[in-house]
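Reviewing the structure listed below.
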Amino acid sequence: MAISNDEVTAMARLARLAIDPDDIPGYAEQLSGILAFVARMDEVDTQSVEPLAHPLDLSARLRPDQVTESDQRDLFQSIAPEVERGLYLVPKVIE
Amino acid sequence: MQWETVIGLEIHAQLATRSKIFSGASTAYGAEPNTQACAVDLGLPGVLPVVNEQAIAMAVRFGLAIDARITPRSVFARKNYFYPDLPKGYQISQYEAPIVAQGRITIDVDGAQKTINITRAHLEEDAGKSLHEDFHGASGIDLNRAGTPLLEIVSEPEMRSAAEAAAYMREIHRLVRYLGICDGNMQEGSFRCDANVSVRPLGQQAFGTRAEIKNLNSFRFIERAIEFEVVRQIELIENGGKVVQETRLYDPDKDETRPLRSKEDAHDYRYFPDPDLLPVAVSADYIESIRATLPELPRAKLTRFVNEFELSQEDATLLANDLETANYFEQAIASRPGQAKQTANWLSGELFAALNRDNLAIAASPIKPTQLGQLVERIVDGTLSGKLAKQVFATMWSSGRDADDIIAAEGLRQVSDTHLIEVAVRDILAQNPEQVEQLRAGKDKVLGFLVGQVMKKTGGKANPALVNQLIKAALAN
């Protein structure tokens, strides 16, 4: 399975990555190479193997439903570019 | 051409946990912006999500109530997209292994029952809120809601009308409140709905292209939005156009739907299992322990009310509609099962009216269930006439005192003493010879006047049925 130049452009847009158009063919080739490497797995019969959702074969430990956090808004907002009336400000988004 | 409507619903129910699904921040509604958004909710570097056990318990509770399969090992996945109210750049959700799968629920539409299959119900985190007004060209972001647990309940596309969709939404709403897993407050966004709507020629198997309508936060809006959308799609096709798959927003002020995101921006969420979270294991023993705590479900309760207390379908529906009302009713008649019908009437009449007037929930009623039961008992046993009972009710409402206490203290006991009433009847008949003649001549209307006079003379305390009877007896002599 090969990755096309258009797919590289689409993935970059979804990930909000700015890439140099000249580099696109190179990325396409490298990504195709990764898929080709993984495709070797197709030769192995995995019919009876349960897919792993996580490399550690363990189950999640759960936490009790208790409020343990206190208000640290001022601390968190001290690193925000812009705040007003307790809100984080971002460039206008409207749907 | 005849068209068939096809509807599937996605309901988002905020789970009534104290803390968030992956952090220990509070989920309380209405706090100052960003005072309940902790480092985990903000997606700051180095934090790790830890699953709230109550969110799992509530999802399992729901799954059991809709007779679904509970997934023994469910998996959290990342749903990737960029939006300012989603700080991490992905929402933690469930994709391939949702915690609840293949359930069903029965709805009532126009007196007929229909079962709607529920494809899945999965856990996920809510996003924050964007405020678009008043920030000189910027948007304000409040992340208090970010990380609030949601159960997304996805139905099969099995509804065929706006009325069925609304009935389904009501049924799920009633169920989550019965189960105590969601407060169901639609104004505060605790219970929200998206509808996938398409049309196809009647008899055709293949589905038409669907539009997804967002922002349906009331039972009324869902019906109106779907009705509008169905007409729009049919007109579009009949005029040679094509429905495009898109997200549309319902605007209640204009009563229309309009496109929200263009097809070009169709999302590719690139789901993958979240490496920060291990699968959640749910054992058979755990499932049974949750099953043991399930309350009687709304439909079973309704049927029991009809059978056990001989209530009408309407009365039973009204009482079983929410658990608080049902519990109030059952406590009121606990030691007085014979007066179920009268108690139901007083509950849905006087009590509901008073609660509405003072804007109180039934749990906050100044008249407790057993007190209402006693009041009704005094009507049934003839101590109080309907009119006196209303007077006693008003005093109970304002003072919280028992009916018997008020009756004794204020001498409101209905007079059923035949001798006392006979004296009053004799006096009234003697004072109104003209009316007596008219009554003897067959003018029955005059009877009401004479009963009224006797009631007045006895300060409203005479038993009106007895007065009636005694006047007739006196004239017969």
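The values are calculated or read from the model by the stated rules, or taken from the named source; none is laboratory data. This one's a predicted model, so the numbers in the text were calculated from it and none came from an experiment. Neighbour counts are summed over all protein chains in view; Cβ atoms, including those assigned to glycine, are modelled from backbone coordinates with ideal geometry. The area values use the complete protein model at the heavy-atom level, side chains included, leaving out ligands, DNA and RNA. Shrake-Rupley method; radii C 1.70, N 1.55, O 1.52, S 1.80 Å.
What to note about this one:
- B:F329 in contact (Cβ under 8 Å) with a residue 40 or more places away in the chain, of a type in the set (F, W, Y) and more than 14 Å from B:D402 (Cβ to Cβ): yes
- Long-range neighbours under 6 Å by Cβ, at least six apart or interchain, first residue within 7 Å of chain B (Cβ to nearest Cβ) within region A:65-81, second among the basic types (K, R): A:D65/B:R18; A:V67/B:R18
- Checklist (1) surrounded by 10 or more Cβ atoms within 10 Å (Cβ to Cβ); (2) under 19 Å from the mean Cα position of the chain (by Cα) applied to A:V67, failing item: (2)
- Test: residue in region B:5-14 that is buried (at least 24 other Cβ atoms within 10 Å of the Cβ) and within 12 Å of another protein chain (Cβ to nearest Cβ): no
- Boolean, B:R270 is within 14 Å of chain A (Cβ to nearest Cβ), over 23 Å from B:A361 (Cα atoms) and basic (K, R): yes
- Take the conditions (1) touching a residue at least 12 places away in the same chain (Cβ under 8 Å); (2) touching a Leu at 6+ places or on another chain (Cβ under 7 Å); (3) over 26 Å from B:E156 (Cβ atoms); B:E53 misses just one of them, which is (1).
- Within the option set B:F207, B:F228, being away from chain A (no Cβ under 14 Å) and open to solvent by less than 70 Å² (accessible area, probe 1.4 Å) holds for one residue only, B:F228.
- Considering the conditions (1) within 20 Å of B:I116 (Cα to Cα); (2) outside any loop (DSSP other than H, G, I, E, B), B:P157 is excluded by exactly one of them, (2).
- Flag if B:I181 is over 28 Å from B:E229 (Cβ atoms) and either buried (at least 21 other Cβ atoms within 10 Å of the Cβ) or β-branched (V, I, T) (or both): yes
- Residues in region B:55-83 that are within 10 Å of another protein chain (Cβ to nearest Cβ) and open to solvent by less than 40 Å² (accessible area, probe 1.4 Å): B:A55, B:I56, B:A57, B:M58, B:S74, B:V75, B:F76, B:A77, B:N80.
- Selected residue (only one of A:A28, A:A2, A:A39 is open to solvent by less than 60 Å² (accessible area, probe 1.4 Å), more than 7 Å from chain B (Cβ to nearest Cβ), farther than 30 Å from B:K20 by Cα and at pLDDT below 95): A:A39
- Test: residue in region B:142-153 that is within 14 Å of another protein chain (Cβ to nearest Cβ) and open to solvent by 50 Å² or more (accessible area, probe 1.4 Å): yes
- Screening B:Y271, B:Y328 for residues that are aromatic (F, W, Y) and in the same structural domain as B:I367 (by TED's automatic domain parsing) leaves exactly one candidate, B:Y328.
- Residue count for region B:95-112, restricted to those that are closer than 18 Å to B:Y286 by Cα and assigned to a loop (DSSP other than H, G, I, E, B): 2
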